[in-house]
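The values are calculated or read from the model by the stated rules, or taken from the named source; none is laboratory data. Just so we're clear, the structure is a prediction, and the values are computed from it rather than from any experiment. Ideal geometry is used to build each Cβ from the backbone, glycine not excepted, and the neighbour counts take in all protein chains shown.
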Amino acid sequence: MVFPISPESFSIPFSINHEKVNINGLGEILLKGNPELRSVGWNSFFPAQYYDFCQVSEGDLMQPNAYVLILTLLAAQKKTVTLNVSDFLSFPVVVSSFSPGMEERGKDVAYSITFTEDKSVDTPSVKKQTAKRPTKEVKSHLYKWKKGDTWKKVAKKETGDSKNASKLKKANLKRADQAVKKYKKEHPNQKTIKEEVALVGEKVLIK
């Protein structure tokens, strides 16, 4: 949006919040600060008809109520927009105050407006960190195999990590072999014998 009538004058102050501090034995010193937010405002009017001094063409000139509506919405919705001033300065702003009112002449709408700089803050990206589970301290002990157990389930339950399944299985090769042989004697007609089934009720070493 182009403001159709330029204000007679305006200024954009640029200030830095330096701070003076008095040091005992040294005197007054300057603590350098950071730039403060810039603010710019002016008084003007939205013309109800085209004037020779308008900054827009007659075809681009909107009705005063259209300008008022746009600026009112920008202020109410806290929208950040870019303010371009005479092609020499451009920065993001929000409307901090806007006061429209009727002019004496015709149906022109007078207004006062103030913009305040809106500085964006770069928030450092926070990587999602997955907390590592504490390693379970495992003391060597015997575990009685239950129905439905597998080496992974037992490793998870007794050591805290299912990846220890192969290690446990290797440590119990002899016990597993004896359990399978025992199961075969008790079930001679069963052709297929699963190690996990044969181990039910038997004790395996956890370490």
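Summary of values
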read-out	value
Meets criteria (out of contact with any Leu (no Cβ under 9 Å at 6 or more places or on another chain) and among the β-branched types (Val, Ile, Thr)) for Val56	yes
Output for the stretch 32-50, where each listed residue is of a type in the set (Gly, Ala, Ser) and not in a strand (DSSP E or B)	Gly33, Ala48
Count of the stretch 163-172 residues which are polar (S, T, N, Q) and either loosely packed, with under 15 Cβ neighbours inside 10 Å or in contact with a Phe, Trp or Tyr (Cβ under 8 Å, 6 or more places away or on another chain) (or both)	1
When residues of the stretch 151-162 are limited to those that are basic (Lys, Arg) and closer than 18 Å to Ser140 by Cβ, the one surrounded by the most Cβ atoms within 10 Å (Cβ to Cβ)	Lys156
Hey, Gly25 in the same structural domain as Leu83 (by TED's automatic domain parsing) and at pLDDT below 90 or not	yes
Flag for Ser9 being of a type outside the set (D, E, K, R), loosely packed, with under 11 Cβ neighbours inside 10 Å and closer than 24 Å to Ser112 by Cβ	yes
Members of the stretch 19-42 that are of a type outside the set (Val, Ile, Thr) and surrounded by fewer than 11 Cβ atoms within 10 Å (Cβ to Cβ)	Glu19, Lys20, Asn22, Asn24, Gly25, Leu26, Gly27, Glu28, Leu30, Leu31, Lys32, Asn34
Every pair of residues 6+ apart whose Cβ atoms lie under 8 Å, when the first sits in the stretch 9-25 and is in contact (Cβ under 8 Å) with a residue 40 or more places away in the chain while the second is surrounded by 10 or more Cβ atoms within 10 Å (Cβ to Cβ) and among the charged types (D, E, K, R)	Ile12/Arg38
Test: residue in the stretch 15-25 that is part of a strand (DSSP E or B) and in contact with a Gly (Cβ under 8 Å, 6 or more places away or on another chain)	yes
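Here is a yes/no grid of residues against (1) in contact with a Ser or Thr (Cβ under 8 Å, 6 or more places away or on another chain); (2) part of a helix (DSSP H, G or I); (3) surrounded by fewer than 17 Cβ atoms within 10 Å (Cβ to Cβ); (4) not assigned by TED's automatic domain parsing to the domain that holds Ala155:
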residue: Lys174; (1), (2), (3), (4): no, yes, yes, no
residue: Ala179; (1), (2), (3), (4): no, yes, no, no
residue: Lys184; (1), (2), (3), (4): no, yes, yes, no
residue: Asn189; (1), (2), (3), (4): no, no, yes, no
residue: Ile193; (1), (2), (3), (4): no, no, yes, no
residue: Val197; (1), (2), (3), (4): no, yes, no, no
residue: Val200; (1), (2), (3), (4): no, no, yes, no
